Structures are given as C-alpha cells and as structure tokens.
Amino acid sequence: MTIQENIPLAPKTTMRIGGTARHFAELTTKQDVEEAWKFAKEKNIPLIVLGAGANTVFADGTIEALVVRILAQEIEVSGNTVRADAGTILATLVATLAKRGLDLSTLAGIPGTVGGAIFGNAGQGPQGVWIDHYVQTVTVFAGGEWKTLSKDECRFSYRESVFKHWPPPVPPILWKITLTVPSRAADDIEKDITMLLRKRSVAQPNFRTAGSCFKAQPDGTPAWKLIEAAGLKGSKIGDLQISDKHANFLINTGSASFDDLLKTVEKVRASVTQPLHLEMRLIGQDGRAIS
C-alpha cells in the first residue's frame with residue numbers, strides 16, 4: 001500500500017466539491033486494509049472509506065484524515081449465493097447477475113459501490129426494498145482483526161447500519177459481502193432494470209449531485225415534499241442549487257463551495273415544518289461527519 005499526501009478529493013466525488021486529503025490510499029488486498037487501519041490508528045487520525053463518491057461531500061481545505069478507496073471488485077457466484085468485494089460498482093453487480101438470471105433489479109439505478117450500499121443500506125424508499133433484504137454476512141476489518149458479521153449484527157434499518165455508528169476515529173473497513181439473490185428469467189430481470197433506469201432518469205438529476213440529501217420522515221413522507229412545500233425547489237445559494245427536477249437533490253451548477261452546501265442545508269432545515277436528517281455524508285476538515 002502506498003500512502004499519498006495532499007490528494008484532491010473533489011474529482012473523486014460526484015458533486016465535485018471538496019479540498020484535499022492529508023493522506024490517501026487505494027486498497028486492493030487484505031494486507032493493504034490492515035496497513036491502512038494500522039496507519040490511521042498509530043497517527044490517531046480518522047479513517048474515511050470513500051466508495052465511488054456518490055453520497056459523500058468533503059469540506060474545502062485539508063481533511064486531516066486517511067481517506068481510502070477499496071479497489072477490489074471480484075464477484076463470485078455459487079447458485080443463489082453471491083460474494084462481492086466492497087469496491088464492486090453496484091450497477092455492475094446488478095447487471096452481471098441479471099445475465100445469469102439472478103435478480104437484484106430492485107437496486108437498479110443506485111450509484112456507488114457495494115460497500116457504500118451496505119454502509120448506508122441503500123435501496124428504495126422507507127416502504128421499499130433495501131440491500132439488507134439480500135444480505136447474509138459482511139466481512140470487515142475492525143479493531144485490528146478480521147470479522148464476519150451476520151445480517152442481524154449489522155443492525156440495518158432505513159438508510160442505517162452499525163457501520164455508520166462505530167466509535168471513531170478508526171471505523172471498520174468493509175471488504176466482502178455475501179448475498180442471497182433470488183432467481184428469475186434473465187429477460188424479465190433486464191426489462192425491469194431498463195424500466196427502473198428510465199424512471200430514475202426522468203425523476204432525478206444525475207449531474208454533479210451527491211444523491212438524496214435528506215432521509216424521508218418516519219411516517220414515510222419524502223423529504224422532497226417538505227422542501228417543495230417550503231417553496232425552495234430550484235432556489236440557489238452561490239452555485240449550489242436545490243434541483244428543480246427533484247427537490248431532495250442538491251446540484252453543483254458551477255463552482256459551489258462546501259459553505260454553500262452547509263448554508264443550503266441550514267436554510268432547508270429552517271424552512272420546513274418537520275425535522276430533516278441527512279442522508280448524504282458531509283465530512284468536515286477534522287475528518288468527522290457533520291450531522
């Protein structure tokens with residue numbers, strides 16, 4: 001493993017906002033994972049695992065942390081049991097399995113990696129299907145040792161997992177996920193994937209955004225309804241715009257700053273009638289998540 005210094009983070013995230021990582025590394029082997037964990041532990045700095053950068057935004061300036069990216073992307077299939085490395089792009093996994101008659105179509109169109117999907121329990125809305133529906137086990141490096149956690153031990157809920165709440169500064173590094181995936185006719189799966197992708201392309205922006213900003217309400221009310229009702233759809237602070245296509249998506253229309261993003265989040269929260277909790281991950285200069 002090679003530790004790089006002062007690496008720009010904006011190009012590594014979909015929103016294209018952020019400063020530089022004081023330390024950065026790409027992990028391809030279990031040994032890399034162990035070395036990264038040890039480095040962060042010895043330096044007493046936060047370790048941040050960045051997937052495809054689909055729902056993470058970093059502060060401007062220098063992030064005093066070790067930011068790592070998992071590059072391992074192996075997929076193994078045995079009957080209905082699928083093992084995928086955390087660095088596997090989720091869309092690639094969905095498409096690869098579809099050709100083999102294995103159905104993850106409910107996750108079609110969700111950006112990011114398998115590891116990121118597990119971390120945030122990605123999926124449909126509060127009443128829909130999330131990735132935990134398919135999970136058997138998750139293999140992680142935590143506390144200086146390799147562990148395999150059962151689905152129950154992962155404590156999944158809507159957009160939540162135990163991995164989001166592990167004590168700082170050095171969280172577990174997700175490495176491999178084992179899923180049970182149901183069978184269905186490949187043609188039918190691919191038709192559903194195409195339909196869901198078209199539906200998402202019509203309803204959601206896909207340019208310079210970190211995806212959904214806020215979680216839905218406990219009663220299932222989507223955040224976009226509250227934001228629209230507050231009259232904020234399409235509004236801007238600097239180059240940061242609340243999408244006029246989907247009000248729960250924030251768009252970097254040019255050179256938006258992290259401060260523009262924070263001000264927008266504060267404005268939304270102050271304007272809506274119910275509390276809103278972040279779904280996207282905002283990382284401050286100290287390497288810790290902002291809630």
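Read-outs throughout are calculated quantities, based only on the coordinates presented, and are distinct from any laboratory measurement. These numbers come from a predicted model, not from an experiment. Neighbour counts are summed over all protein chains in view; Cβ atoms, including those assigned to glycine, are modelled from backbone coordinates with ideal geometry.
A few remarks follow.
- Going from the residue with the fewest nearby Cβ atoms within 10 Å to the one with the most, MET280, MET15, MET195 rank MET195, MET280, MET15.
- Backbone N atoms of the range 46-64 closer than 19 Å to the 7 Å Cα→Cβ label point of ASN6 belong to residues 59-64.
- Using distinct alpha-carbon pairs, which all enter the 1/r mean, Kirkwood radius of the range 205-290 in Å: 13.0
- Taking every C-alpha pair closer than 8 Å and separated by at least 6 residues, the mean separation divided by the residue count of the range 205-290 gives a relative contact order of 32 percent.
- Normalised size of the range 1-134, defined as Cα radius of gyration per 2.2 N^0.38 Å with N residues, equals 1.14.
- In this calculation the C-beta distance from ASN80 to THR194 is compared with R0 = 22 Å, giving a FRET efficiency of 0.45.
- Size of the range 75-188: Rg and Dmax of its alpha carbons, in Å, are 13.7, 46.
- Here the Karplus relation 6.51 cos²θ - 1.76 cosθ + 1.60, evaluated at θ = phi - 60°, turns the backbone of the range 150-160 into coupling constants of 6, 4, 4, 5, 6, 6, 6, 8, 4, 6, 9 Hz, with x for every Gly and Pro.
- The lysines within cross-link reach of LYS236, meaning a Cα-to-Cα straight distance under 29 Å and a gap of 8 or more places when in the same chain, are LYS12, LYS199, LYS215, LYS225, LYS245, LYS263, LYS267.
- Under a 5 Å amide H cut-off, with hydrogens placed 1.01 Å from N, THR137 pairs with THR178 among residues at least 5 apart or on other chains.
- Here the simple spin-label model places points 7 Å from the Cα toward Cβ, and for HIS165 and SER183 these points are separated by 3.9 nm.
- Panel values: the range 194-234, Kirkwood radius from alpha carbon pairs, Stokes-Einstein at 37 °C and 0.692 mPa s, translational diffusion coefficient 277 µm²/s.
- By the count of neighbouring beta-carbon atoms within 10 Å, fewest first, LEU90, LEU250, LEU197 end up ordered LEU197, LEU90, LEU250.
- Square roots of five times the Cα gyration tensor eigenvalues for the range 147-233, Å: 28, 25, 13
- The range 88-197: trypsin sites (Lys or Arg not before Pro) in DSSP loop, at most 15 other beta carbons within 10 Å: LYS99, ARG100, ARG155, ARG184
- Across q = 0.08, 0.13, 0.15 Å⁻¹, the chain modelled as identical point scatterers on its alpha-carbon atoms has Debye log10 I(q)/I(0) values of -0.33, -0.92, -1.21, in the order of the q list.
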